[in-house]
Amino acid sequence: MEKASYWDRMDDGRIECVLCPRHCRLKDGQVGFCRVRKNIDGELYALTYGKVSAIHDDPIEKKPLYHFYPGSDILSIGGIGCSLSCDFCQNRSLVDGRVPLIDLPPEKLLKAVNEYASIGVAYTYNEPLIQFEYVLDCAKLLKQNGKVNVLVTNGYLEPTPFDELIYYIDALNIDLKFSDNRMYERLCKGTKEPVIRNIKAAYEAGAHVEVTNLIVTRANDTREAIQEIVDIVASIGKDIPLHFSRYFPHYKYDEPPTDPDILLEAWRIAKKKLLYVYIGNLPTEMYSNTYCPLCNSLLIARSGYFTKVVGMDGSRCRNCGYVIRGRFR
């Protein structure tokens, strides 16, 4: 447990947490919506500082990040809790904290990264931004030691803490769930504006950014909803890789899995405006490979999590010299 940052003391004795846009106002003893920040005797504490629920060595493509050191492994850690509450959540046991935690302070994490010979750490599985103090301290230490920091996040954070953290982050996959705030609020208990703002802030800060949109049956699976997501991403950067992912029933939401034809149509819609579009959770290699936007040469071949760079020299297409956005060896 560690004292938290980003909170204010209110006149009535409560604490207002200003880390995420939810701004929980907590009486003494109360825990925030995220389940990991608590008012204890008039001070806000980060309950899970230095504690994780999972640690694995994952392929970077699993995040998913397709333009960030493809074929590399990255040590991946997660905690508990979340700043949203999605009806179709795939990791509800982590959100609810129904898993054991192990101690992993920043120094021990760095040691594990070196033992695994990993390129760095991905903060993932649950929502990492609610463990802001821990992620920030780890990211600083890893950066000092030449390792990379990756966030897999819902992007639901206030601007000031996000801008403080982004300096130490090398790559992000940000989950943009809906283009419609009614759906964001009804199915995830959040709003889109903070997420879009942070996608733009990360992109403009020079971090490598990829975006995921889970296409959920009878929620955001219309042509109009897909086009709106594409327009949002394209307005920030046409070279941002966009991943459409197939939904499967989880938690409270029991509509059937996304129709594969809708995913293929989403890909076609997105390719009219974006340079790099991928489909996840669907067994088709064509839609997971990377092709040159200029000459259409195959650059990176993927089959599951097996990845092979076949047509690039550094960040350039070997055939025509076009520069591909991302980080490549």
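No value in this document is a laboratory result; all are computed from the given coordinates. Computed from a prediction, not measured in an experiment: that's the story for all the values here. Virtual Cβ from ideal backbone geometry, glycine too; neighbours counted across all protein chains shown.
Data for the structure
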item: Part-to-part distance (alpha-carbon centres) for segment 168-207 and segment 43-62, which is given in Å; result: 20
item: Inter-label distance, nm, simple model (7 Å from Cα along the C-beta direction), Thr284/Gln30; result: 4.9
item: Shape call, segment 198-303: gyration tensor on alpha carbons, a/c limit 1.5; result: oblate
item: Ala301-Ile55 FRET efficiency (beta carbon distance; Förster radius 30 Å; 0.05 resolution); result: 0.55
item: Debye intensity ratio in log₁₀ form over the Cα atoms of segment 2-46, taken at each q of 0.21, 0.29, 0.32 Å⁻¹; result: -0.53, -1.08, -1.33
item: Helix 106-116 axis, angle to the chain major axis (alpha carbon atoms, nearest 10°); result: 30
item: Dipole moment magnitude, nearest 20 debye, segment 199-289 about Cα centre, only Lys, Arg, Asp, Glu C-beta charged; result: 180
item: Tilt relative to the chain, helix 132-144 - C-alpha long axis, 0 to 90 degrees, to 10; result: 60
item: Stretch gain in nm, segment Arg98-Glu115, where the contour uses 0.36 nm per residue and the Cα spacing is subtracted; result: 3.3 nm
item: Farthest positive-ward along segment 51-288 dipole, Cα basis, beta-carbon charges - from Pro249, Leu274, Leu104; result: Leu274
item: Helix axis angle, 223-236 relative to the chain longest principal axis, alpha carbon, degrees; result: 80
item: Theoretical FRET efficiency, 1/(1+(r/R0)^6), r = Cβ-Cβ of Lys189 and Ile40, R0 22 Å, to 0.05; result: 0.30
item: The chain, dipole about Cα centre (Lys/Arg Cβ +1, Asp/Glu Cβ -1), debye to the nearest 20; result: 580
item: At R0 = 22 Å, FRET efficiency that the Cβ-Cβ distance of Asp231 and Glu265 yields, to 0.05; result: 0.90
item: Backbone HN-Hα couplings from phi across segment 250-256 [Karplus 6.51/-1.76/1.60, Hz, Gly and Pro as x]; result: 8, 6, 8, 9, 10, 5, x
item: Calculated SAXS-style log₁₀ I(q)/I(0) at q = 0.12, 0.16, 0.17, 0.20 Å⁻¹ - segment 114-178, Debye, Cα scatterers; result: -0.28, -0.49, -0.56, -0.76
item: Lys238-Glu224 pseudo-label distance in nm [points 7 Å out on the Cα-to-Cβ vector]; result: 2.6
item: Taking all pairs of distinct alpha-carbon atoms in the chain, Kirkwood radius in angstrom; result: 20.4
item: Cα-projected label distance for Asp180 with Lys200, points at 7 Å along beta-carbon direction, nm; result: 2.3
item: Among the listed pairs Lys192/Lys238; Lys189/Lys272; Lys38/Lys62; Lys27/Lys51, those beyond 29 Å (Cα-Cα); result: Lys189/Lys272; Lys38/Lys62
item: Largest to smallest principal axis extent of the C-alpha atoms in segment 53-136, angstrom; result: 35, 29, 20
item: Packing rank of 11-19, 187-195, 248-256, where each peptide gets the mean count of other beta carbons within 10 Å, highest leading; result: 187-195, 11-19, 248-256
